Each structure stands twice: as structure tokens, then as C-alpha cells.
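As C-alpha cells, the structure follows; a few thoughts come after it.
Readers should treat all values here as calculations from the given coordinates under stated rules, not as data from a laboratory. Just so it is clear, the structure is predicted and the values come from calculations on it, not from any experiment. Here the Cβ positions follow ideal geometry from the backbone for every residue, glycine too, while neighbour counts run over all protein chains shown.
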Amino acid sequence: LILFLLGLAASGSCQAAAAKPNVLLLFADQHNADVMGCAGHSIVKTPNLDQLAAQGVRFTRAYCQDAICVPSRTSLMTGLYPRTTGCLDNGDAPVSQTKLYPLQQVFQSAGYLTGCFGKRHLPRPTLALGWNHSATVIAPNQDPSDENYQDWIQTRGPGQAEAFEKDHKGSLQSDMGCHISEVKPENRIEAYTALKTKDFLRDCQKQGKNFFCWASFHGPHQPYTPPAKWAALYPVEKMPLPASWNEPIDHLPPGLQNWRRNTKTPWSLAKAAENPTLYRQYIAYYFAQVTEVDHFIGDVLAELEALGLRDNTIVIYASDHGDFVARHGMIEKCAVSHNVYEETLRVPLIVSWPKRFQQGATCNSLAELVDLYPTLVELLGLQRPADAPKLAGRSLVPTLAEGKPTGRAYAVSENWSQTTVITDRYKLG
């Protein structure tokens, strides 16, 4: 009888877990929203993101709240604008972190297992806490975690750790930060992020626990150092230049003008103006890293499907900010004078849960990354503490489930030097 009752209790626990959806947040760093096949790009190969978009809703006008890593990620995970968090630049730490209640902590309080793998890059200490398991691909002192890539790469065969170090040193000495990596594709940081994510998914499935998992890929962020396998897909000589690659310097803000006049490596834009092949190489390597991230996203999604978890998992894809990809003659995000440009502010956003949301739909109305927090609160019935600040975003559930416009009249992005307000037709920066 005791065994029978224990069996019923375990069965009831599994059924309760199955009744609540899981959340898998797939994330990239510095992914230009136009550089996806599903966004109409004619060259870049993103079959897994294209498939995800076919199974969900793609937002064509989603904006980050600050086109720099830490402030953007802080806004995403707290659902608050940078002006509220106090985090407007990478070195900033919110004054009162204990009152911000990032998503992972709210999920953990609701009984979810939480995992973060890859590049977390949230302010320490409090906002970085709340994960049952974590593994970082950046310096462990920046992302204190259970495991880290730097230790793992040491175990991956002779020369691999040295090749990884060479990627970064070589890129600093190379024009446009471009360098072909000698790290084997299966030993790259994107592979490590996918590996640790899959381990976590298997563990959650084995335990019968719901999860909130943030798989945060480092690419296609600089340095632009793809392996030859991915670079071969994009021959440098065949890369088209954007129409604005040689935009007159005096059309740009002062900060960008200074970058365009730079002759030193790695951001040797003045040299690239005389030798456009350097721009073509940067574009090719950026595309290669986008495809690399897409490949490992497919790896994670295949594992989710194999574990029988896909139907009960909300899958989200987004990025913290964009990349110029040579438009306006610029490279990466140029963290000065950049926070007004579509290339850096607009981000990919795909949300998929086939059993409840629309499939293959496109939303052209305004959205913000801060909208994800209230969307998940509504969908999962998450409870925030009574002293939590009011969320800045609005729930996207009516858009996802019924195809309604988001109802947002404007979007806001702000950093330490620039604030930009975007409407359907205009932009004020």
C-alpha cells in the first residue's frame, strides 16, 4: 500500500510538472535582425532559426533597451528599462539589486529548475544568482559558475586551449578583428554551450522537473574568428557590400567618425575604406558565426525533441543587440554614438509554442525585449514579490495566441550617452 501511494504521489508530481510549460531561452550576442534566412536574407544560412520561425511568431520590429551587452541583458532579465535598473553601461551595477527580482529567481521560487549556459554577463552579485546549474564561456570571475569553458578546453586534446587563446590574440592583431580559428568546431564555445544545455535538459527530464533554461551563445559577437568549416560557406570575394559601406564620414555622429578614421588594428576602418576586401572578409566571417550559432541551436532543439519535451516547452530566440555588418562603414556595435541605429537596436525575436501560439506568423508592430518578462509572468502565472517594481513591458500573449498587434505606440532604447524613441514611422534620438 505504501509503495502504491508513493507511486501515485510520484505520478501526480510528474503530471503537475507536465501541466506547466518549460521555457527555453535561446540567445545570441550581437545578432543583426536582418541576418537570418527567415528575415529574407539571401545569403546567410540559418535553417534551424528558419524552422523555429515556421513553428512560431517572428517579430520584425523588436528592439533592445540598450545596444550594449550588460545593460541589455539586465533589462531583459528584470523587465525594466536601464534608467530604472541603473545599469546603462557594461561596468555599471544596479544600486539596489535585491529589489529587481530577475526572471531566474522568480522561476526558481515557482519550483522550476534554472540553468544558464554560455555567456550570462549579468551584474554581480545578486542579479547573477538564482541558477541551479551554470557554466560560462567567458572569464569565470565575470560569470561565477559551476563550470567554465576555460577548464573544459584544457581537456579537449593537444593544442586546443592554445588555439583558443590564439583566436583572441590573433584577432587583435588582424584587420577588422578577423581570423580563422584553429579550434575544432566540436571544441568551440558554441559547442560547449550546447553540450551543457543538453546535459541540463536531460537532467530535468530524468527528474520530471520543469525548467527555465537560458542557452546564451557568444557568437556572432567579435572577434570574428570562425572555423574554416563555417567560413567556407561564405567566400570572401562573393560577399556583397551594403549600399552604405562608404557613407560619407561627415554624415555620422562624432564617435563613429573617429572609428571610421582609425588606421590601427583591429578596427582598421580607414584601411578598409581603401581596401573593401577587408569589409567583405568581416561580413563573410560574421555570416559564418551566425551559421555556427544556428547549427548549435539546432543541436539543442533536436535534443529537446528527442527527450519528448518540445510540445511542453516555450522556445524563445533573441539577441541582446545587433551588429552594423559594414552598414554606414561601421563594424561590430561601436559602443559610442551607436544607440540610434536600426542595425544595433533592432534584434531578432522568435517565440514558439505550437500547441498554443500561432505558427509561421509575422508581427510587424513594435515590441521590446522587456516585453518577454510580463509575457512569461502571464503565461505561467509567476508571482513576483509585493515590493517588486512595476514591469516596463507589456505581455505579448494576445499577439502570440491571436495575432493581435502589440499595441505599443513607441519603443525606447537608452544608454549612458543616447536615448532613442522609435515609433511606427519615426525615430527621435
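Things worth noting here:
- Across all directions, the average flat footprint of the convex hull enclosing the Cα atoms of the range 217-371 is 11.1 nm².
- Maximal additional length on extending the Lys238-Thr263 stretch stands at 6.5 nm, based on 0.36 nm per residue less the C-alpha distance.
- Long pairs among Lys99/Lys119; Lys20/Lys390; Lys45/Lys229; Lys119/Lys355, criterion Cα-Cα beyond 21 Å: Lys99/Lys119; Lys20/Lys390; Lys119/Lys355
- Estimated distance in nm for a label pair at Asp311 and Asp89, the labels positioned 7 Å out from Cα along Cα-to-Cβ: 5.2 nm
- Relative to its Kirkwood radius, the Cα radius of gyration of the range 16-168 gives an Rg/Rh of 0.99.
- Using 0.36 nm per residue and subtracting the Cα-Cα separation, the extra length available between Ser109 and Glu247 on full extension is 44.6 nm.
- Hydrophobic, long helices, defined as DSSP H runs whose alpha-carbon span along the helix axis is 18 Å or greater and whose mean Kyte-Doolittle value is at least -0.5, occur in the chain at 2-19, 277-306.
- Summary: within the chain, the longest segment free of trypsin sites (Lys or Arg not before Pro) located in DSSP loops with at most 16 other C-beta atoms within 10 Å is 1-208.
- For the chain, the fraction of alpha-carbon pairs in successive 20 Å shells from zero, as %: 26, 59, 13, 1, 0
- Each part reduced to its alpha carbon centroid, the range 157-234 and the range 255-316 end up 12 Å apart.
- Put a plus charge on the Cβ of each Lys and Arg, a minus charge on the Cβ of each Asp and Glu, and nothing anywhere else: the dipole of the chain about its Cα centre is then about 620 debye.
- Label reach from Ser417 (point 7 Å along Cα→C-beta): in the range 86-108, amide nitrogens under 16 Å belong to 88-92.
- Straight-line reach from Lys427: taking Cα to Cα under 21 Å and skipping same-chain neighbours fewer than 8 places apart, the lysines in range are Lys333.
- Label point at Ala401 placed 7 Å out along Cα→Cβ; residues across the range 46-70 whose backbone nitrogen lies under 16 Å: 57
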